[in-house]
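Trainee: Here's a structure for you.
The values are calculated or read from the model by the stated rules, or taken from the named source; none is laboratory data. All values reported here derive from a predicted model rather than from experimental measurement. So basically every Cβ, Gly included, is an ideal-geometry build from the backbone, and we count neighbours across all protein chains shown.
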Ligand code: SF4
Ligand code: SF4
């Protein structure tokens, strides 16, 4: 299985149930898939999906035809000088790549890069704009 992050842009949404456009498009292919996360961002409604590897190309093509954005995987950098350890990004991370350290670590944000799948869901959550996508 492979994880993809897809966005239904706000411009295509007239009611909240419209996110089902994404689900219905995938269901056409009669495959088993998992919805790992449902969230909203500044660009629209995001779904983090776990899809069989062999179906990725077909599903991606199909979603794009319906103006659904299939986000590329990225790498992030966290500017710890800007970070105030508020924890807002932690709850959004689907893989526990972000966590708050314990008392011994002064409750500071910890980032384990090896666990990061590059979904970029954390970027919009940061009130300090401390998380950036590597360009
Ligand atoms: S980009 Fe990485 S750190 Fe950020 S939410 Fe996704 S998996 Fe977690
Ligand atoms: S949301 Fe931003 S400020 Fe808050 S813990 Fe995460 S990186 Fe730090």
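Trainee: Which number in (1) under 25 Å from residue 19 (Cβ atoms); (2) touching a helix residue (DSSP H, G or I) at 6+ places or on another chain (Cβ under 8 Å) marks the one condition that residue 109 misses?
Mentor: Answer for residue 109: the failing condition is (1).
Trainee: What about residue 45, is it modelled with pLDDT of 90 or more, assigned by TED's automatic domain parsing to the domain that holds residue 11 and touching a helix residue (DSSP H, G or I) at 6+ places or on another chain (Cβ under 8 Å)? Talk me through it step by step, then tell me what you get.
Mentor: Numbers: modelled with pLDDT of 90 or more: no; assigned by TED's automatic domain parsing to the domain that holds residue 11: yes; touching a helix residue (DSSP H, G or I) at 6+ places or on another chain (Cβ under 8 Å): yes.
So residue 45 does not fit the description; no.
Trainee: Starting from region 73-88, take each residue that is within 15 Å of residue 120 (Cα to Cα) and list its partners that are modelled with pLDDT of 95 or more and away from ligand 1 (no atom under 14 Å from the Cβ), counting only C-beta distances under 8 angstrom and pairs at least six apart or across chains.
Mentor: 88/127
Trainee: Now, a different point. Can you name the residue in region 79-98 that is surrounded by 16 or more Cβ atoms within 10 Å (Cβ to Cβ) and not in a loop (DSSP other than H, G, I, E, B) and is also farthest from ligand 1 (Cβ to nearest atom) among such residues?
Mentor: 90
Trainee: Pairs please, first residue from region 102-128 and farther than 25 Å from residue 40 by Cα, second anywhere and within 13 Å of ligand 2 (Cβ to nearest atom) and at pLDDT below 90, Cβ atoms under 7 Å, 6+ apart in sequence or on different chains.
Mentor: Partner pairs satisfying both residue conditions: 107/101; 108/101.
Trainee: Follow-up question, since we're still on this one. Can you tell me which residues in region 85-96 are within 23 Å of residue 46 (Cα to Cα) and either near ligand 2 (Cβ under 9 Å from one of its atoms) or modelled with pLDDT of 95 or more (or both)?
Mentor: 86, 87, 88, 89, 90, 92
Trainee: Would you pick out the residues in region 108-135 that are more than 10 Å from ligand 2 (Cβ to nearest atom), loosely packed, with under 15 Cβ neighbours inside 10 Å and assigned to a loop (DSSP other than H, G, I, E, B)?
Mentor: Hits for region 108-135 are 112, 134, 135.
Trainee: Does residue 73 satisfy the condition of being modelled with pLDDT of 85 or more, outside any helix (DSSP H, G or I) and closer than 25 Å to residue 132 by Cα? I'd like the intermediate steps shown before the answer.
Mentor: Details: modelled with pLDDT of 85 or more: no; outside any helix (DSSP H, G or I): yes; closer than 25 Å to residue 132 by Cα: yes.
In short, no.
Trainee: Same structure, new question: Kindly check whether there is at least one residue in region 12-34 that is touching a strand residue (DSSP E or B) at 6+ places or on another chain (Cβ under 9 Å) and either assigned by TED's automatic domain parsing to the domain that holds residue 126 or within 14 Å of ligand 1 (Cβ to nearest atom) (or both).
Mentor: Checked region 12-34: no residue is touching a strand residue (DSSP E or B) at 6+ places or on another chain (Cβ under 9 Å) and either assigned by TED's automatic domain parsing to the domain that holds residue 126 or within 14 Å of ligand 1 (Cβ to nearest atom) (or both).
Trainee: Sticking with this one: Just to be sure I understand the filter: pairs with C-beta atoms under 6 Å, separated by 6 or more residues or on different chains, first member in region 54-69 and surrounded by 15 or more Cβ atoms within 10 Å (Cβ to Cβ), second member assigned to a helix (DSSP H, G or I). Which pairs pass?
Mentor: Hits for this filter: 59/26; 62/25; 63/25; 68/22.
Trainee: What is the one condition in (1) part of a helix (DSSP H, G or I); (2) loosely packed, with under 14 Cβ neighbours inside 10 Å; (3) in contact (Cβ under 8 Å) with a residue 12 or more places away in the chain that residue 17 does not satisfy?
Mentor: (3)
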